[in-house]
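First the structure, in the form of structure tokens, and then the observations on it.
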Amino acid sequence: MQMKTRTRNPERAIRVGLWLVVLGLVAAAGPAAAAQDVDIQGAWDAQRYILADGTEHRVAGRIFFTGNDWTVLFFVMDGTDAKRGSGEGGSFSTSGDQLVFTHRYPLSAGDAMPGLAASELRMVARGPDDDAPQEPCTVSRDGDRLRLDFPSGNVMTFTRSAGAKQSRLVLGRNAQPRALTITASALLAEEFLRQLQQDRDREEHRHQVRNRHQAVQRVGDAPDEL
């Protein structure tokens, strides 16, 4: 009995092998690519606050993302005057371009401004075991620019702070989260104290102007002396 011999096609075997390799790479890279989160770590300077109705305000302040914690301090400005302020903190999570804030330490107050009602002082401190409201947002980044789209339709834009750029260069890829947290806390405290000092300086200036005005009135009312 004569056995038939099967001739192998080496080109076909190579093509099949290459397809299997490609399919394996796609399967391995697909989930990783889909799960790639927007990198928001570090410190970002607040720039613009754009309301859902199109009203736009300049804002001054900074937001920090370190590990899974976030802290923000910002002021809504009218010229050089801070009319509203907000300080918050808590934890956050990201998935792709989705960012969820957990609000544990909100503090806010401010005057009425276009598109924004007056807000009395509000302070809340929630412990780690307390229920805290969550705020799902959409986050996008273009280089050193960051944009947060809130569920209300409002938008806030940021640019990476100069200090954060230097820290990333110095600390490099092996920076420890604790070191970044300490740096963020120090920068936040510095910004808060700077804003307080500016408010004190403006109040002192107004006080000096009032004193000079009152002194002029007293001189004008005094009788002439020969």
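Values in this text are rule-based calculations from the coordinates and carry no lab data. What you see is a predicted model; the values in this text were computed from it and never measured. We place every Cβ from the backbone using ideal geometry, glycine too, and count neighbours over all the protein chains shown.
Note that the range 99-116 has calculated 3J(HN,Hα) couplings of 10, 10, 8, 10, 8, 10, 9, x, 9, 7, 5, x, 7, 5, 9, x, x, 10 Hz, one per residue in order, obtained from phi through the Karplus relation 6.51 cos²θ - 1.76 cosθ + 1.60 (θ = phi - 60°); glycine and proline are x. In this structure the amide hydrogen of R104, modeled in the peptide plane, comes within under 5 Å of the amide hydrogens of G89, G90, S91, none closer than 5 places in sequence on its chain. Using the Cβ-Cβ distance between N68 and L121 with R0 set to 25 Å, the FRET efficiency from 1/(1 + (r/R0)^6) comes to roughly 0.30. Taking 0.36 nm per residue of separation and subtracting the current Cα-Cα distance, fully stretching the chain between L51 and A132 would add 26.7 nm.
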